[in-house]
Amino acid sequence: QVQLVESGGGLVQPGGSLRLSCAASGSAFSINWMGWYRQAPGKQRDLVAGISSGGITNYADSVKGRFTISRDSAKNTVYLQMSSLKPEDTAVYYCKLLTIGKAYWGQGTQVTVSS
């Protein structure tokens, strides 16, 4: 079993920055991929960014150039640095981890971009 603990959400003004963290813990697992999804009220949950075990990253078009995903393999932690935030980035952000044959989700962290 794997547990994901997210942190770093909050309220920020348009143009501001936030960094989200997601730490994975549990017994004997290997990480194939970790990433972030987001879900705004009344909308579906969409992929924001991901990073593979080989370090390959991918981003939603809407966040390219503004968000950066990175990882600390020693800590089993993935980060999402978000800059130039816009009101439309407001959502609950969820961390996701893929191991062999299983997917795990975090509990979500709220990001609100508002003046």
Taking the Cα atoms of the chain alone, what are Rg (to one decimal) and Dmax (as a whole number) in Å?
13.5, 44
Total lysine pairs whose alpha carbons fall under 21 Å of each other in the chain (8 or more apart, or interchain)
7
Can you figure out the FRET efficiency of Ala103 with Gln13, using R₀ = 30 Å and their beta-carbon distance, to the nearest 0.05?
0.30
Magnitude of the Cβ-charge dipole (Lys and Arg +1, Asp and Glu -1) of the stretch 50-109 about the Cα centre, nearest 20 debye, reported as 140
Tell me, what is the per residue accessible area of the stretch 1-107 in Å², probe radius 1.4 Å?
53
Considering only protein heavy atoms and a 1.4 Å probe, what is the carbon-and-sulfur percentage of the accessible area of the chain?
49
For the charge dipole of the stretch 50-104, defined by +1 on Lys and Arg C-beta atoms and -1 on Asp and Glu C-beta atoms about the Cα centroid, which residue among Gly101, Val78, Ser52 has the Cα displaced farthest towards the positive pole?
Gly101
Relative contact order computed over the chain (Cα-Cα under 8 Å; 6+ residues apart), in percent
37
Modelling each spin label as a point 7 Å along the Cα-to-Cβ direction, I'd like the Gln3/Asn32 distance in nm, to one decimal.
2.5
Estimated dipole of the stretch 6-71 in Debye, rounded to 20 [Cβ of Lys and Arg +1, of Asp and Glu -1, Cα centre]:
100
With +1 assigned to the C-beta of every Lys and Arg and -1 to the C-beta of every Asp and Glu, and no other charges, what is the dipole magnitude of the stretch 2-115 about the Cα centre in debye, to the nearest 20?
80
What's the FRET efficiency of Thr57 with Ser115 using the Cβ-Cβ distance as r and R₀ = 30 Å, to the nearest 0.05?
0.50
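The values are calculated or read from the model by the stated rules, or taken from the named source; none is laboratory data. Being a predicted model, the structure only gives us computed values, none of them experimental. Cβ atoms come from the backbone with ideal geometry, glycine included; neighbour counts cover every protein chain shown. Keep in mind that these areas ignore ligands, DNA and RNA; they rest on the heavy atoms of the full protein, side chains included. Shrake-Rupley method; radii C 1.70, N 1.55, O 1.52, S 1.80 Å.
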